[in-house]
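Take a look at the structure below.
The values are calculated or read from the model by the stated rules, or taken from the named source; none is laboratory data. Every value quoted in this text rests on a predicted model; they were computed, and no experiment measured them. Note that we place each Cβ from the backbone using ideal geometry, even for glycine, and neighbour counts take in every protein chain shown. Protein only, heavy atoms only, side chains kept; ligands, DNA and RNA dropped before computing areas. Shrake-Rupley method; radii C 1.70, N 1.55, O 1.52, S 1.80 Å.
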Amino acid sequence: MENSEEFTRSGYWYPDAESASTVDVLNLLRRYRSAETAMRARTRVSMKMNETDLVALRFLLREQRAGRIVRPIDIARMLDISTASTTTLIDRLEKGGHARRERHPTDRRAGVVVPTVSSDDEVRETLGAMHRRMLALVDEMSDRERAVVTRFLAGMTSAIEEASDLDQELRDVIRSHEESESESESGE
C-alpha cells in the first residue's frame, strides 16, 4: 500500500485506539451519553418511575450509605424544586414502595425520608451487573490512564457547566432588561 497515509487522512482506514482524532473522542462521548440515556430510560420503565423520582431515589440511597439523614427540604434543594413539588414527589415514592417518611431521630417536629430496603434491592438488581462491568473496566486501567480520563471528564464537565452558567447569565440579563422595559412602559 503506497498511499496508506492518504487513506488514513480520508478516514478510509480506522485509526488505532492510540491515534483517535478529536472527532472520534467526541463521537464516542456522544455514544456513551446516548447509551446512558437509554439505560436510564430502561431503568425508569422497569422501576415505574420518572426521571426526577429516580434522581431523588439515587440521592436517598447515596445519603443513606453515607449515614446522613435526609429531610424533605434536602430533596427540594438537591433537585431545585419547591417544597410542594417535593411533597408530591415523596408521595409518589411512598406509593411506589421506594421510600417512606419517618420521624427525625432528634427533632420531633421534623420528618425524614428513607429509601426502602426493597427499593435498594431493586436498584442493585436492575443496575448491579452494569455497575460491576463499569468498575471492572476502570480497575483495569493504570493510575496514569485514570488520571488522563479524570482530567478529560472534569474538563468536559467544566465546559458544559460553564455553558450552563453563561446561559443562566444571559437569561438573567434578558429578564432584567424586560423588567426595566416593563417598568418604564408602566411609568409613562
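Can you tell me which residue in the stretch 52-76 is nearest to Asp120 (Cα to Cα), limited to those that are exposed (fewer than 12 other Cβ atoms within 10 Å of the Cβ) and not aliphatic (A, V, I, L, M)?
Arg65
Is it fair to say Ala159 is hydrophobic (A, V, I, L, M, F, W, C) and more than 19 Å from Arg30 (Cβ to Cβ)?
In short, no.
Taking the stated definitions as given, is Leu79 within 28 Å of Met47 (Cβ to Cβ) and open to solvent by 70 Å² or more (accessible area, probe 1.4 Å)?
In short, no.
Which condition number does Glu161 fail, the rest of (1) more than 18 Å from Ala35 (Cβ to Cβ); (2) within 19 Å of the chain's Cα centre (by Cα); (3) open to solvent by less than 80 Å² (accessible area, probe 1.4 Å) being met?
Exception for Glu161: condition (3).
Tell me which of these Asp167 doesn't satisfy, since it passes every other one: (1) surrounded by 11 or more Cβ atoms within 10 Å (Cβ to Cβ); (2) at negative phi.
All conditions pass for Asp167, except number (1).
Does Arg109 satisfy the criteria of being open to solvent by 100 Å² or more (accessible area, probe 1.4 Å) and part of a loop (DSSP other than H, G, I, E, B)?
Yes.
When only residues in the stretch 21-51 that are open to solvent by less than 80 Å² (accessible area, probe 1.4 Å) and not in a helix (DSSP H, G or I) count, which is modelled with the highest pLDDT?
Only one residue fits best here, namely Asn50.
Give me the residue from the stretch 117-158 that is closer than 30 Å to Gly97 by Cα and touching a residue at least 60 places away in the same chain (Cβ under 8 Å) and, out of that set, surrounded by the most Cβ atoms within 10 Å (Cβ to Cβ).
The selected residue is Ser119.
Given Val70, Val138, which one is within 20 Å of the chain's Cα centre (by Cα) and in a loop (DSSP other than H, G, I, E, B)?
Matching residue, one of Val70, Val138: Val70.
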